[in-house]
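Below is one structure, written out as structure tokens; the observations come after it.
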Amino acid sequence: MRLAVFTNKYPARVATFFERDMRGLLEAGVEVEIFTIYPLDADCWPYALDLLSEDVLPRDRVHHLSIPAALAEAARLPAYRIARAAGDAAVITAAAARYGPETLAKSAYVLPKAWAWAHRHTDRFDHVLGYWGNYAGTCAYAFHRLLGREIPFSLWLHAGVDLYRTPVFMRQKLRYADSIITCCGFNKKFLRKEFGDLGPEMLDKVRVCYHGLNLADFPFAPEGRPARRVIAVGRLVPQKGFDYLLQAARLLRDRGQTVEVEFVGDGEDRQALEAMAARLGIAEQVTFRGWLPFSGVRDAMSAATVLVHSSGGLGDGLPNVLREAMALGTPVIASDVAGIPEALDRGRCGVLVPPRDIEALAGAIATVLDDRELRHRLAHFGRAHTERWFDLWRNGAWLAEHLRGVSRRDGGQCEHVLAEDGVPDETTVSATDATPIPTGALPA
């Protein structure tokens with residue numbers, strides 16, 4: 001199978017789960033080519049994983065295109081294709097305009113690229129995958145429409161950036177897709193709630209596939225950790241809730257329980273977080289390490305006592321960093337939102353706390369730091385859960401089989417779907433049916 005994959009940005013400082021998914025498909029025999037809608041930033045290649053090194057995925061199979069070059073190529077389309085492109089552009093931009101000028105501009109930005117790539121690669125691919133539901137998904141949709149060939153179209157949905165917030169042109173893409181993939185069972189429930197009016201045909205197309213890890217890259221080493229080092233990893237943006245972690249650290253210090261806090265990552269909130277640490281009087285306890293390559297992030301997590309992911313609400317679907325920490329033997333404390341309970345096996349291999357509850361977060365951190373046996377139990381349960389459900393090669397093979405089984409029929413209906421998701425039955429049921437999960441639950 002020759003698969004055209006549309007993503008937002010690659011290479012990127014934060015693209016590890018995308019790279020792992022692509023490597024899993026390559027290993028399963030899928031011929032992957034990547035179309036990235038944002039311009040090439042060559043400075044980001046050092047952050048790429050060796051899993052997708054140039055000898056695995058040659059650079060000429062990663063496509064970038066400037067707007068001037070895209071417009072010039074699109075102008076050479078035959079008249080009948082220009083008419084179809086114009087019709088699609090009218091529908092897409094009308095839907096995007098309802099979300100404001102920025103969303104409209106981003107939607108319009110991808111269209112010439114989709115048309116130019118469709119002109120260049122008319123007969124090259126057997127399947128088209130929009131890896132993100134937002135602008136990359138729109139680009140994939142416009143590309144697929146202009147091909148005019150009866151090959152399958154699949155859409156992969158993740159989290160706040162492409163599903164929970166600003167679901168631009170989403171209903172049309174969901175209806176058009178032959179297969180809808182998502183990264184956690186919570187998202188399947190979310191789709192049922194928000195888009196269930198599209199009918200059972202749409203819901204029947206939804207399948208869950210967890211992002212996997214190459215576990216050989218994650219040596220399990222739960223012992224020999226510092227006594228009180230708390231790490232948080234990710235983009236420094238408001239959705240991550242890192243301000244709640246700083247407030248919890250101050251609360252702990254007021255109780256005579258000083259902790260070290262280490263942030264790995266960068267983003268628009270960095271100055272605000274640095275100012276907050278100073279205002280709370282804990283700046284000397286807090287380190288901001290900025291962006292690190294994957295090896296540096298892994299080493300930092302391996303040298304921490306506990307990882308905290310204090311989301312304030314719907315943001316990430318199932319944060320990749322939780323799986324990585326569990327694989328390394330780093331205990332996890334995280335907000336009880338979205339797909340996080342799935343990652344932590346409903347509290348069996350991590351501590352769940354209510355979002356935005358600083359008191360509960362501080363209490364959970366103190367409990368884990370003060371209880372060596374609890375940390376040991378969390379580490380071993382976490383690694384076992386990761387090996388069982390988040391293995392890159394097994395999940396990649398399932399995804400490849402699923403994509404091969406999808407065919408185009410009736411303008412977007414899926415002719416064949418697998419009988420089960422690539423997730424455990426109990427996880428699918430609990431996530432989809434919203435089984436209550438006790439907040440702050442600790443493993444027995």
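The values are calculated or read from the model by the stated rules, or taken from the named source; none is laboratory data. Here the structure is a predicted model, which is why all the values come from computation and not from measurement. Reconstructed Cβ throughout: ideal geometry from the backbone, glycine too, with neighbour counts over all protein chains shown.
Give the residues of the range 145-186 that are in contact with a helix residue (DSSP H, G or I) (Cβ under 8 Å, 6 or more places away or on another chain), within 26 Å of PHE125 (Cβ to Cβ) and assigned to a helix (DSSP H, G or I), sorted by residue number.
Passing the criteria: ARG145, LEU146, LEU147, ASP162, LEU163, MET170, ARG171, GLN172, LYS173, LEU174, ARG175, TYR176.
Could you please find all residues in the range 254-286 being surrounded by fewer than 16 Cβ atoms within 10 Å (Cβ to Cβ) and outside any helix (DSSP H, G or I)? Reasoning before the result, please.
First, pick out the residues of the range 254-286 that are surrounded by fewer than 16 Cβ atoms within 10 Å (Cβ to Cβ): 254-258, 268, 271-272, 275, 278-279, 281, 283-284.
The answer is ARG255, GLY256, GLN257, THR258, GLU268, GLY281.
Could you give every pair whose Cβ atoms fall below 9 Å, whose first residue belongs to the range 275-294 and is modelled with pLDDT of 95 or more, and whose second residue is surrounded by fewer than 16 Cβ atoms within 10 Å (Cβ to Cβ) and of a type in the set (S, T, N, Q), counting only separations of at least 6 or pairs across chains?
These pairs meet every condition: ILE282/THR258; GLN285/THR258.
I'd like the residue in the range 172-200 that is touching a residue at least 40 places away in the same chain (Cβ under 8 Å) and of a type in the set (D, E, K, R) and, out of all such residues, is nearest to SER407 (Cα to Cα).
Residue satisfying both the conditions and the ranking: ASP178.
Looking only at the range 54-87, how many residues end up being farther than 24 Å from GLU33 by Cα and either hydroxyl-bearing (Ser, Thr, Tyr) or in a helix (DSSP H, G or I) (or both)?
Residues in the range 54-87 being farther than 24 Å from GLU33 by Cα and either hydroxyl-bearing (Ser, Thr, Tyr) or in a helix (DSSP H, G or I) (or both): 7 in total.
Does VAL206 satisfy being at pLDDT 95 or above and farther than 24 Å from ALA327 by Cβ? Don't jump to the end; show me each part of the working.
Details: at pLDDT 95 or above: yes; farther than 24 Å from ALA327 by Cβ: yes.
Yes; evaluated as a whole, the condition is true for this residue.
Of the numbered conditions (1) touching a strand residue (DSSP E or B) at 6+ places or on another chain (Cβ under 6 Å); (2) in a loop (DSSP other than H, G, I, E, B); (3) not basic (Lys, Arg), PRO39 satisfies every one except a single condition; which is it?
The failed condition is (1).
Looking only at the range 303-353, filter to residues that are assigned to a loop (DSSP other than H, G, I, E, B) and hydrophobic (A, V, I, L, M, F, W, C); which one of those is nearest to ARG377 (Cα to Cα)? Working first, answer last.
Step one: list which residues in the range 303-353 are assigned to a loop (DSSP other than H, G, I, E, B), which gives 303-305, 310-319, 329-331, 336-339, 344, 348-350.
Then drop every residue that is not hydrophobic (A, V, I, L, M, F, W, C), which leaves 303-304, 314, 318, 337-338, 344, 349.
Numbers: ALA303: 18, ALA304: 16, LEU314: 28, LEU318: 22, VAL337: 23, ALA338: 24, LEU344: 13, CYS349: 8 Å.
Checked the range 303-353; the qualifying residue nearest to ARG377 (Cα to Cα) is CYS349.
If I ask for residues that are of a type outside the set (Phe, Trp, Tyr), surrounded by fewer than 21 Cβ atoms within 10 Å (Cβ to Cβ) and part of a helix (DSSP H, G or I), which ones from the range 190-213 would you list?
The answer is ARG192, LYS193, GLU194, GLY196, ASP197, LEU198, PRO200, GLU201, LEU203, ASP204.
Confirm whether LEU51 is part of a helix (DSSP H, G or I), under 23 Å from the mean Cα position of the chain (by Cα) and either among the hydrophobic types (A, V, I, L, M, F, W, C) or on the phi < 0 side of the Ramachandran plot (or both). So that I can check it myself, show each step before the final result.
Working: part of a helix (DSSP H, G or I): yes; under 23 Å from the mean Cα position of the chain (by Cα): yes; either among the hydrophobic types (A, V, I, L, M, F, W, C) or on the phi < 0 side of the Ramachandran plot (or both): yes.
In short, yes.
Could you check ALA216 against (1) surrounded by fewer than 17 Cβ atoms within 10 Å (Cβ to Cβ); (2) closer than 19 Å to VAL332 by Cβ; (3) among the aliphatic types (A, V, I, L, M) and say which number it fails?
(2)
Given the options HIS144, HIS158, name the one that is over 15 Å from ARG408 (Cα atoms) and either at pLDDT below 95 or buried (at least 24 other Cβ atoms within 10 Å of the Cβ) (or both). Lay out the reasoning, then the answer.
On the way: HIS144 fails: over 15 Å from ARG408 (Cα atoms).
Answer to the selection: HIS158.
Which of (1) surrounded by fewer than 19 Cβ atoms within 10 Å (Cβ to Cβ); (2) in contact (Cβ under 8 Å) with a residue 60 or more places away in the chain; (3) within 30 Å of TRP393 (Cβ to Cβ); (4) not basic (Lys, Arg) is the odd one out, the single condition LEU51 does not satisfy?
Only one criterion in (1) surrounded by fewer than 19 Cβ atoms within 10 Å (Cβ to Cβ); (2) in contact (Cβ under 8 Å) with a residue 60 or more places away in the chain; (3) within 30 Å of TRP393 (Cβ to Cβ); (4) not basic (Lys, Arg) is unmet by LEU51, namely (1).
It is to be established whether one or more residues within the range 313-330 are among the acidic types (Asp, Glu) and within 18 Å of the chain's Cα centre (by Cα).
So the first thing to find is which residues in the range 313-330 are among the acidic types (Asp, Glu), and the list is 316, 324.
Then drop every residue that is not within 18 Å of the chain's Cα centre (by Cα), which leaves 316, 324.
Scanning the range 313-330 turns up at least one residue that is among the acidic types (Asp, Glu) and within 18 Å of the chain's Cα centre (by Cα).
Given ALA379, ALA384, ALA334, ALA362, which one is without any contact (Cβ under 8 Å) to a residue 60 or more places away in the chain and crowded, with 21+ Cβ neighbours inside 10 Å?
Details: ALA379 fails: without any contact (Cβ under 8 Å) to a residue 60 or more places away in the chain; ALA384 fails: crowded, with 21+ Cβ neighbours inside 10 Å; ALA362 fails: without any contact (Cβ under 8 Å) to a residue 60 or more places away in the chain.
Result: ALA334 is the single residue among ALA379, ALA384, ALA334, ALA362 that is without any contact (Cβ under 8 Å) to a residue 60 or more places away in the chain and crowded, with 21+ Cβ neighbours inside 10 Å.
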